[in-house]
Protein chains: 2
Amino acid sequence: MSFTIRFASKEDMPSVHRLITELAVFEREPDAVKISVEDLEKQGFSEKPMFQVFVAVQNDEIIGMALFYERFSTWKGKAIHLEDLIVTQSKRKLGVGKALYLRLMQYAYENDYKRVAWDVLDWNQGAIDFYEHSGATVLKEWRVVHMTEENLKNYVEKNSHEGI
Amino acid sequence: MSFTIRFASKEDMPSVHRLITELAVFEREPDAVKISVEDLEKQGFSEKPMFQVFVAVQNDEIIGMALFYERFSTWKGKAIHLEDLIVTQSKRKLGVGKALYLRLMQYAYENDYKRVAWDVLDWNQGAIDFYEHSGATVLKEWRVVHMTEENLKNYVEKNSHEGI
């Protein structure tokens, strides 16, 4: 199968949004996607872009993407976070995901990033095997913590009166 | 105990670096800190700062800090990552950590962030209890994955000749 990988442009955001939604439906959380195509266009292509995207393209159609952004490690320095690596359902198992992954790692290496980080579901053994085979390490002891927008509001409103 | 919380300035980076190193020594990884004071000054106070820091100050001395930066969730939109929340050993259990945590949450709320995320060690029950009590959720199924600088180099050099 022939495909190419390039940086996404603003015009690609409808396709990127479609992939994000496809993954959410696949994970049975279709309502979890709160951002819009316009959000992606605005937040990814402002003067201070919040993310970048590599897309895999076949016959002018976007069939996969790797969305990432910078992070900062207080031990290592500048790092990259791979937020989403998505290949559309009908194009899986053809090497698209691996090619996107390699392209991201090349980008990180060429631009002197000190670490690439991402999250994986602990039951996704196929993905874990692939990552570990590539040299990545799954950290056993660390857990991800999220404060949602609603709980953030509750916590701040409840505690801010105390004054600090 | 009386202390105040404010944004760190470039001049605070030696103190911030000291706190980072103190934590690494406490975690028995003193050699893991590869960044320097100069790195912090440069990467935190350029035109495009890679992070921001709240510091807790008592008698002109920095006794704690919360270092954070922006992330981007493809479901929720703009988010904050809390990279490090550190209180110097001699000033623990006095409410400094809680005050820094609250200040960060206030900042996130006031600036319309859709999520605050961070990582916690799964055996650090005291921290987990505090986070959960505040309304945060520890995600049981997700694992953090890291590709180190050295393994990144190996992977890219080994695979790039294939061409994609």
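The values are calculated or read from the model by the stated rules, or taken from the named source; none is laboratory data. This structure is a prediction, so every number in the text was calculated from the model and none was measured. For neighbour counting, all protein chains shown are included, and Cβ atoms are generated from backbone atoms with ideal geometry for every residue, glycine included.
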key: Within the range B:127-141, considering residues that are without any contact (Cβ under 8 Å) to a residue 12 or more places away in the chain and surrounded by fewer than 17 Cβ atoms within 10 Å (Cβ to Cβ), the one farthest from A:Asn159 (Cα to Cα)   = B:Glu141
ask   = A:Glu162 versus (1) charged (D, E, K, R); (2) farther than 27 Å from A:Val25 by Cα; (3) modelled with pLDDT of 95 or more: which is the lone unmet condition?
value = (3)
request  = Just need a number here: residues in the range B:89-126 that are within 17 Å of the chain's Cα centre (by Cα), surrounded by fewer than 19 Cβ atoms within 10 Å (Cβ to Cβ) and of a type in the set (Ser, Thr, Tyr).
outcome  = 1
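A quick yes/no check of all residues on (1) touching a strand residue (DSSP E or B) at 6+ places or on another chain (Cβ under 8 Å); (2) more than 22 Å from A:Ser134 (Cα to Cα):
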{"site": "A:Met1", "(1), (2)": "yes, yes"}
{"site": "A:Met13", "(1), (2)": "no, yes"}
{"site": "A:Lys34", "(1), (2)": "yes, yes"}
{"site": "A:Lys42", "(1), (2)": "no, yes"}
{"site": "A:Lys48", "(1), (2)": "no, yes"}
{"site": "A:Leu67", "(1), (2)": "yes, no"}
{"site": "A:Arg71", "(1), (2)": "yes, no"}
{"site": "A:Trp75", "(1), (2)": "no, yes"}
{"site": "A:Lys91", "(1), (2)": "yes, no"}
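Being among the polar types (S, T, N, Q) and over 19 Å from B:Gly126 (Cβ atoms) narrows it down to one residue among B:Ser90, B:Ser9; which is it? Before the answer, list the steps.
Details: B:Ser90 fails: over 19 Å from B:Gly126 (Cβ atoms).
Being among the polar types (S, T, N, Q) and over 19 Å from B:Gly126 (Cβ atoms) holds for just one of B:Ser90, B:Ser9, which is B:Ser9.
Which one of these is in contact with a Gly (Cβ under 7 Å, 6 or more places away or on another chain) and either over 30 Å from B:Ser36 (Cα atoms) or polar (S, T, N, Q) (or both): A:Asn111, A:Asn151, A:Asn124?
Working: A:Asn111 fails: in contact with a Gly (Cβ under 7 Å, 6 or more places away or on another chain); A:Asn124 fails: in contact with a Gly (Cβ under 7 Å, 6 or more places away or on another chain).
None of the other options fit; the residue is A:Asn151.
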query = So, in the range A:94-113, of the ones that are in contact (Cβ under 8 Å) with a residue 12 or more places away in the chain, over 16 Å from A:Phe3 (Cβ atoms) and among the hydroxyl-bearing types (Ser, Thr, Tyr), which residue ends up nearest to the other protein chains (Cβ to nearest Cβ)?
reply = A:Tyr113
note = Checked the range B:9-68 for anything within 21 Å of B:Ile80 (Cβ to Cβ), modelled with pLDDT of 95 or more and small (Gly, Ala, Ser); matches are B:Ser9, B:Gly44, B:Ala56, B:Gly64, B:Ala66
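One line per residue, one yes/no per condition, for (1) more than 20 Å from B:Asn151 (Cα to Cα); (2) assigned to a helix (DSSP H, G or I):
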| site | (1), (2) |
| --- | --- |
| A:Val120 | no, no |
| A:Phe130 | no, yes |
| A:Val138 | no, no |
| A:Asn151 | yes, yes |
| A:Val156 | yes, yes |
| A:Asn159 | yes, yes |
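Out of the residues in the range A:3-37 meeting the condition of being within 11 Å of another protein chain (Cβ to nearest Cβ), more than 22 Å from A:Thr148 (Cβ to Cβ) and free of Cβ contacts under 8 Å to residues at least 60 places away in the same chain, tell me which one is surrounded by the fewest Cβ atoms within 10 Å (Cβ to Cβ).
The first filter runs over the range A:3-37 and keeps only residues within 11 Å of another protein chain (Cβ to nearest Cβ), leaving A:3-5, A:16-17, A:19-21, A:23-24, A:27, A:29-36.
Then keep just the ones that are more than 22 Å from A:Thr148 (Cβ to Cβ); that gives A:3-5, A:16, A:19.
Cutting the leftovers down to free of Cβ contacts under 8 Å to residues at least 60 places away in the same chain gives us A:4, A:16.
Details: A:Thr4: 10, A:Val16: 23.
Filtering first and then ranking leaves A:Thr4.
Considering only residues that are more than 12 Å from chain B (Cβ to nearest Cβ) and either hydrophobic (A, V, I, L, M, F, W, C) or within 12 Å of the chain's Cα centre (by Cα) (or both), look in the range A:38-63 and name the one that is nearest to B:Met147 (Cα to Cα). Quick ask: steps written out before the conclusion?
Going residue by residue through the range A:38-63, those that are more than 12 Å from chain B (Cβ to nearest Cβ) are A:41, A:45, A:55, A:57-63.
Retained after the next criterion (residues that are either hydrophobic (A, V, I, L, M, F, W, C) or within 12 Å of the chain's Cα centre (by Cα) (or both)): A:45, A:55, A:57, A:62-63.
On the way: A:Phe45: 27, A:Val55: 21, A:Val57: 26, A:Ile62: 27, A:Ile63: 25 Å.
The selected residue is A:Val55.
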ask   = Residues of the range B:79-102 being part of a strand (DSSP E or B) and within 17 Å of B:Asp12 (Cα to Cα), which ones?
value = B:Asp84, B:Leu85, B:Ile86, B:Val87
request  = Select from the range A:74-88 the residues that are without any contact (Cβ under 8 Å) to a residue 40 or more places away in the chain and facing chain B (nearest Cβ under 7 Å) and write down the one among them that is surrounded by the most Cβ atoms within 10 Å (Cβ to Cβ).
outcome  = A:Thr74
query = Among (1) facing chain A (nearest Cβ under 9 Å); (2) over 18 Å from the mean Cα position of the chain (by Cα), where does B:Val145 come up short?
reply = (2)
